[in-house]
Amino acid sequence: MRIAIIGTGYVGLVSGTCFSEFGHEVVCVDTNWNKIELLKQGKSPIFEPGLEPMIAKNLQAGRLSFSTDLKSAVASADAVFIGVGTPSRRGDGQADLTYVFAAAREIAEAISGYTVIVTKSTVPVGTGAQVQEIISKICDSKHFDVVSNPEFLREGAAIEDFMRPDRVVVGTSSAKAKTVLEEIYRPLSLIQTPMLFTSLESSELTKYAGNAFLATKITFINEMADLCEKVGADIHDVAKGIGLDGRIGQKFLHAGPGFGGSCFPKDTRALHQTSLDNQSPLRIVEAVIDINETRKINMAEKIISACGGSVSDKKIAVLGLTFKPNTDDMRESPSLDIIPSLQRSGAQIFAYDPEGMSEARELLSDVTFCENAYDPLENADALVIITEWNEFRALDLERVKTALKKPVMVDLRNIYEPNDMLARGFEYSCIGRSNNSLKT
Ligand SMILES: NC(=O)c1ccc[n+]([C@@H]2O[C@H](COP(=O)([O-])OP(=O)(O)OC[C@H]3O[C@@H](n4cnc5c(N)ncnc54)[C@H](O)[C@@H]3O)[C@@H](O)[C@H]2O)c1
């Protein structure tokens, strides 16, 4: 199959590279010239484990190429995947479809012969029909079909998720388009990946329903963690106790500072707006959005309280800035709420992140960015762990204690054991594990 991917970001680049790994002939298109030039040299503009070697391998094999020329990429494609961004629209939080519609218009002008146009971007229900309408104004409808194929990959594990997905969802009413999508994903049939064919609308909504459910699960365990702190229970035990129930499952039951990233915050907002537009309230989703926003701010309060009630003129060391480990993505990371809030209370922030610092420099001001995990600790009044990168899981705790002015650690990811930290002489606080659980 000849495939064109429009938008070479986290989703477009991973999808395009993995399709070429399947054996398809793929052209990834982006309007960002710098990105395309980097990619032509086999270099990845994003940090995603395993991606760069796979790009280089498929470039060399001649199955993968990069271009700013949408017209020729589309003209020779059997299928065109739209993977452009759908950020939150200012004001109401609905997904901004400007990039999707612009791409649809450009594609319409470039189509030659029957082409399947696939929305891989996360788009509100009804968007596929709008894309269909836009294209049919320019192009005869017998030359194309519009299909929805939402992407479920997780940043940090994107290659594995794409190559071995739990399922592939395809929304279409066209038998011809269905055959094309079956052919594209045929390599996955060897590992018996379920392929779910639905209507366009069901497919579009499935993506939002999935993300909203996961965001709800995280929010549930976060609130349960707060209750644990009040009543002397331990959220690790509670999460394990409920997670072992097969109906609940153990994933997404890790209490933390609130969800961030490029998907959950914007997708819950967009779904909420869709529910309002259709007079079909989603009160759970509305509550999840509110709780999560407040939670990030509350984390700053938690840190201030661990520092004795004030961070004014105190040096706070922060480890981890990205919204989760194994990505350089800073979009809506809890650190972007927590750090400015601490700064407003007078704190001086010294931070380190293995991959997120160049992006963080654009988004945070007055932060001193350090070379490694130990540099920010020198003479700091407290250490705060915001993101659970592997290299923070086994810090040399004696070195940490010696470097800090006071042995205060706020672990917002629960990566250390409270008992152990207490025994080592730390003033340790984490999420949902109260002092009652510290008895040895
Ligand atoms: N990031 C994730 O983990 C993830 C997971 C699943 C779904 N999604 C969804 O996938 C979509 C893309 O997300 P992303 O994180 O990859 O976005 P991104 O911002 O990283 O990348 C989007 C890319 O599209 C390019 N672009 C915009 N308009 C273009 C045009 N007309 N022609 C060519 N290129 C164009 C931009 O330059 C940019 O490089 C979003 O709808 C998102 O919700 C993202």
How far apart, in nm, are two points set 7 Å out from the Cα along the Cα-to-Cβ line at Arg283 and at Lys71? 5.5
Per-residue HN-Hα couplings for the range 241-247 [Karplus 6.51, -1.76, 1.60; θ = phi - 60°; Hz; x = Gly/Pro]: x, 8, x, 6, 6, x, 6
What FRET efficiency comes out for the pair Asp420/Asp166, r = Cβ-Cβ distance, R0 = 45 Å, nearest 0.05? 0.80
Using label points projected 7 Å from each Cα along Cα→Cβ, tell me how many nm separate Arg186 and Ser141, to one decimal. 3.0
Ranked by GNM mean-square fluctuation in the chain (Cα springs under 10 Å), the top entry among Asp290, Asp226, Asp329 is Asp290
Counting only GluC sites (Glu not before Pro) that are in a DSSP loop and have at most 16 other C-beta atoms within 10 Å, tell me the longest site-free stretch of the chain. 1-370
For the pair Arg154 and Leu276, the simple spin-label estimate (label points 7 Å beyond Cα toward Cβ) gives in nm 3.1
From the Cα centre of the range 346-410 to that of the range 99-125, the distance in Å is 44
Using θ = phi - 60° and Karplus 6.51 cos²θ - 1.76 cosθ + 1.60, couplings along the range 387-403 (whole Hz; Gly, Pro as x): 10, 8, 4, 3, 5, 8, 7, 10, 5, 6, 5, 5, 5, 4, 5, 5, 5
The chain - mean residue ellipticity at 222 nm from DSSP helices (-39,500 (n - 2.57) per run, n ≥ 4, rounded to 500): -13000 deg cm²/dmol
Could you list, in their original order, any pairs among Lys35/Lys57; Lys43/Lys266; Lys35/Lys71 whose Cα atoms are separated by more than 20 Å? Lys43/Lys266
Centre separation in Å (Cα based) which lies between the range 269-329 and the range 216-267: 14
Farthest toward the dipole's positive end in the chain, which of Gly346, Thr198, Ala103, given Cβ charges of +1 (Lys, Arg) and -1 (Asp, Glu) about the Cα centre? Thr198
Between helix 335-344 and the chain, what is the angle of the helix's C-alpha long axis to the longest principal axis, kept within 0 to 90° and rounded to the nearest 10? 40
Long-range amide H partners of Val367, meaning residues 5 or more apart or on another chain whose placed amide H is closer than 5 Å, are none
Do any trypsin sites (Lys or Arg not before Pro) in the range 371-440 lie in a loop, going by DSSP, with at most 12 other beta-carbon atoms within 10 Å of their beta carbon, and if so which? Arg393, Lys439
List, in the order given, every pair from Lys40/Lys296; Lys207/Lys240; Lys230/Lys296 whose Cα-Cα distance in the structure shown is over 29 Å. Lys40/Lys296
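Readers should treat all values here as calculations from the given coordinates under stated rules, not as data from a laboratory. Small disclaimer: the values here were computed from a predicted structure and weren't measured. Backbone-built Cβ (ideal geometry, glycine too); neighbour counts: all protein chains shown.
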